[in-house]
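Q: Structure incoming, see below.
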Amino acid sequence: MIDTIVLSFVRDLLTVIGAVTVMVIQQPVLSLLAFVLGPLALLGVRFLLGKVRLIMEMEMASLVEIIRVVQEATTGFRVVKSYALEPLLKRDMDSAIRAVEKRSNAISRIEAATSPLMETLAGLAIAGAISLSAVSIFQDVQRPGEMISFITALLLAYEPAKRLARMRVQIESNLVGVRMLFEILDHPIALKEVPDAIDLPAGPGLIRLEKVGFGYAGGPAVLKELDVTFEPGKVTALVGPSGAGKSTIINLIMRLYDPEKGRVTIDGHDISKVTLASLRKRFSYVGQDPFLFVGTVRHNIALGAEGASDEDIVRAARAANAHDFIMSLPNGYESDVGENGRNLSGGQKQRITVARAFLRNCDFLILDEATSSLDSESEAGIRAAVEELAHGRTTITIAHRLSTVARADKIVVLDGGEVVEQGPPDVLLRNGGAYRRLYEFQLLPDAGLESPTQSALG
Ligand SMILES: Nc1ncnc2c1ncn2[C@@H]1O[C@H](COP(=O)(O)OP(=O)(O)OP(=O)(O)O)[C@@H](O)[C@H]1O
Ligand SMILES: [Mg+2]
């Protein structure tokens, strides 16, 4: 845009202004003629501009559609192949490409149409100017020199004026992209630091949710008046049915969202009053779906722990039960994990993300189903390492496995965004409440034990 404006617009505009000044000085009456026909031509171009804007907007949407299809086809290739979705994707892609083609053609037609229109009008204007000048020379009203200088100025103004008219079309189509960009930039930021935010002071690490109410983007309430405490240096397990709000609690603690009601505090400090960087650097997080970045295994483990030495990386990988499989990869720690970690198995990816959290070595350890796609043996290995790591840290773990849940210091049972029960595992088991039911119907059968009631009673 800036390139077009500075190079063409400024130069052409100055030329046109200069030439028109000469025209007016030489032949005020004849210039009038040019000024009547000129705006007429511009009017025609204006009419086309509205169309260009509309078409460009649609073309952008089609381009986005093409990118979406490509992205889905590559990241979801397993689903695409196993469900034989190729014809479906091909159809989507064909229609997206056809839409772009149609729109590009329409724009080219408009661009082409502006030029004959201008040409014709300009031709008429020049012919008219020459005829009238000829008449006035024969009548001795003006001298031939004046006429020549007028016509020269007119001809000089013609090309730049034509370019200016066309440029409107170009600028208009570029503006569509600029407008979209600013729409994003102007979008208000929902999560802001307060102006006088302080760094979160170091402390024992007590996390508290106080009467927290929350729903995603104006949707239904996910958490209702929730009061939970995560004791410093202790392991708290969040359990409950799918959709109960377990991951949502974690999102609020790391301040990925702000609660609608109530507040979240760490060692008594409201986390909405502290700087985001000082808050987030206290957390090691392993999420529900392991996420790897393009690059090597080493790169993925060392992320978020700047300046980690090779020994530290290997130690973290060992703790996460990942060192052995990493060494069996063709290039060891330098092996490429591929896009979205596609060169690795689900459990391998998970172990790398656990190693990443280990290396980061923070006050708060958050594990959202961090061992769900591991076999029992790997899980046992990681569990030992997590226990070691959780030592002296406030740990929150969301787990479906009995082995993890039963070893927690405290269990919080959630259902429908509310705490239905909380306390140490053995106490909850004796109470015979929600945890006991979860234990018998989900945790024990998953663990593969035979007689739930008997082993539950120990
Ligand atoms: N980003 C989001 N936007 C809108 N709604 C969401 C979002 N994330 C979660 N939800 C909704 O919030 C509710 C709680 O989700 P949450 O992820 O906390 O459940 P969960 O307890 O972690 O479940 P699971 O055990 O299946 O992981 C669900 O009803 C879900 O549909
Ligand atoms: Mg979840």
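Computed from the coordinates by the stated procedures, all read-outs in this text should not be read as laboratory data. Since the model is a prediction, treat every value here as computed from it, not as a measurement. Cβ coordinates were reconstructed from backbone atoms using ideal geometry, including for glycine residues, and neighbour counts include every protein chain displayed.
Q: Would you mind checking which residues have amide H under 5 Å from V420's amide H? H placed 1.01 Å from N; only 5 or more apart, or other chain.
A: Here the answer is V413, L414, D415, since their amide H atoms fall under 5 Å of that of V420.
Q: I want to make sure I understand the PRE zone here: with the label point 7 angstrom from the Cα of E57 toward its beta carbon, which residues in the stretch 176-219 have backbone N atoms less than 18 Å away?
A: Of the residues in the stretch 176-219, 176-187 have backbone N under 18 Å from the label point off E57.
Q: If contacts are Cα pairs under 8 angstrom and at least 6 residues apart, what is the relative contact order of the chain in percent?
A: Worked out over the chain, it gives 15 percent.
Q: Any idea how far apart E440 and V141 come out in nm if each label point goes 7 Å out from Cα toward Cβ?
A: Going by the 7 Å Cα→Cβ label model, 11.1 nm.
Q: Now for a separate question. Place a point 7 Å from the Cα of E193 along the Cα-to-Cβ direction; which residues of the stretch 264-282 have their backbone N under 16 Å from it?
A: Under 16 Å, as judged by backbone N against the label point of E193, lie 270-282 of the stretch 264-282.
Q: Placing +1 at every Lys and Arg Cβ and -1 at every Asp and Glu Cβ, with all other atoms neutral, what dipole size does the chain have around its Cα centre, in debye to the nearest 20?
A: The calculated dipole for the chain is roughly 880 debye.
Q: If you don't mind, there's one more thing I want to ask. What full-extension length gain, to one decimal in nm, is calculated for E377 and D415 as 0.36 nm per residue of separation minus the Cα-Cα distance?
A: Once the chain is fully extended between E377 and D415, it gains 10.6 nm.
Q: What's the local net charge at S173, with K and R +1, D and E -1, over the other residues with C-beta under 12 Å away?
A: Numbers: positive: K51, R53, R103, R166, R168, R179; negative: E57, E59, E111, E172.
Residues near S173 contribute +2 overall.
Q: Go through the stretch 53-69 residue by residue and turn each phi into a ³J(HN,Hα) via Karplus (6.51, -1.76, 1.60, θ = phi - 60°); whole Hz please, and just put x for glycine and proline.
A: Result, ordered by residue: 4, 4, 4, 4, 4, 5, 5, 4, 4, 5, 5, 4, 4, 4, 4, 4, 4 Hz.
Q: Within a Cβ distance under 13 Å of S133, other residues only, what is the Lys/Arg minus Asp/Glu net charge?
A: Result for the neighbourhood of S133: -1.
Q: Over 25 Å between Cα atoms, which of K234/K349; K246/K349; K192/K234 qualify? Display every interim value, and only then the final one.
A: Details: K234/K349 27 Å; K246/K349 22 Å; K192/K234 30 Å.
In this structure, K234/K349; K192/K234 exceed 25 Å between Cα atoms.
Q: Sticking with this one: Using a cut-off of 13 Å between beta-carbons, work out the net charge of the residues near Q288 (Lys and Arg +1, Asp and Glu -1, Q288 not included).
A: After counting each charged neighbour, the total is -1.
Q: Using only Cα atoms, locate the centre of the stretch 426-441 and the centre of the stretch 260-321, then give the distance between them in Å, rounded to an integer.
A: Centre-to-centre distance over Cα atoms comes out at 33 Å.
Q: So what does the Cα-only Debye profile of the stretch 2-185 read at q = 0.10, 0.11 Å⁻¹, as log10 I(q)/I(0), no solvent term?
A: Scattering profile of the stretch 2-185, log10 relative to I(0): -0.58, -0.65.
Q: Rounded if a/c is under 1.5, else prolate if a/b beats b/c, else oblate: with a ≥ b ≥ c from the C-alpha gyration tensor eigenvalues square-rooted, which is the stretch 207-457?
A: oblate
Q: ³J(HN,Hα) across the stretch 293-303 via Karplus (A = 6.51, B = -1.76, C = 1.60, θ = phi - 60°), whole Hz, x for Gly/Pro?
A: 8, 4, x, 8, 4, 4, 4, 6, 6, 7, 4
Q: What value does the stretch 159-284 have for Rg/Rh, both radii from Cα atoms and Rh as Kirkwood defines it?
A: Rg/Rh: 1.27.
Q: Right, another one. How tilted is helix 376-390 with respect to the longest principal axis of the chain? Cα atoms for both, answer in degrees (0 to 90, nearest 10).
A: For helix 376-390, the angle is close to 90 degrees.
Q: Take the alpha carbon gyration tensor of the stretch 247-327, find the square roots of its eigenvalues, order them as a ≥ b ≥ c, and report rounded if a/c is under 1.5; if not, report prolate when a/b exceeds b/c, else oblate.
A: Prolate shape, in that a/c is at least 1.5 and a/b is the bigger ratio.
Q: Cross-link candidates for K90: which lysines have Cα within less than 19 Å, leaving aside residues fewer than 8 places away along the same chain?
A: K81, K102
Q: Output the 0 to 90 degree angle, nearest 10, between the alpha-carbon long axis of helix 346-360 and the longest principal axis computed from the alpha carbons of the chain.
A: Rounded to the nearest ten degrees, it is 90.
Q: In sequence order, what are the phi-derived ³J(HN,Hα) couplings for the stretch 247-260 according to the Karplus relation 6.51 cos²θ - 1.76 cosθ + 1.60 with θ = phi - 60°, rounded to whole Hz, with x for glycine and proline?
A: Going residue by residue, I get 5, 4, 4, 4, 4, 6, 5, 7, 6, 7, 9, 9, x, 7 Hz, with x marking Gly and Pro.
Q: In terms of modelled amide H atoms, which long-range or inter-chain residues lie less than 5 Å from the amide H of T275?
A: Excluding prolines and chain starts, which carry no amide H, the hits are I198, D199, L200.
Q: A further question follows. Calculate I(q)/I(0) for the chain by the Debye formula, one identical point scatterer on each C-alpha and no solvent, and give its log10 at q = 0.06, 0.12 Å⁻¹ to two decimals.
A: -0.50, -1.10
Q: Here is a further query. Using Cα pairs under 8 angstrom and six or more residues apart, how large is the relative contact order of the stretch 2-185, in percent? The partial results should precede the final answer.
A: On the way: 120 pairs, mean separation 84.3, N = 184.
Taking the mean separation of contacting Cα pairs over the length of the stretch 2-185, I get 46 percent.
Q: Give me the percent of DSSP beta bridges within the chain that run antiparallel, rounded to the nearest 5.
A: 50 percent
Q: Nearest-5 percent of antiparallel DSSP beta bridges in the stretch 207-457?
A: In the stretch 207-457, DSSP labels about 50 percent of beta bridges as antiparallel.
Q: Putting +1 on Lys and Arg Cβ atoms and -1 on Asp and Glu Cβ atoms, find which of Q442, P87, S247 reaches farthest to the positive end of the dipole of the chain.
A: Of the candidates, P87 comes out farthest on the positive side.
Q: Any idea what angle helix 310-319 forms with the longest principal axis of the chain, computed on alpha-carbon atoms, 0 to 90 degrees, nearest 10?
A: Once rounded, one gets 60 degrees.
Q: Pairwise over distinct Cα atoms, reciprocal of the mean inverse distance: report the Kirkwood radius of the stretch 219-281 in Å, one decimal place.
A: Value: 13.0 Å, from the Cα pair sum.
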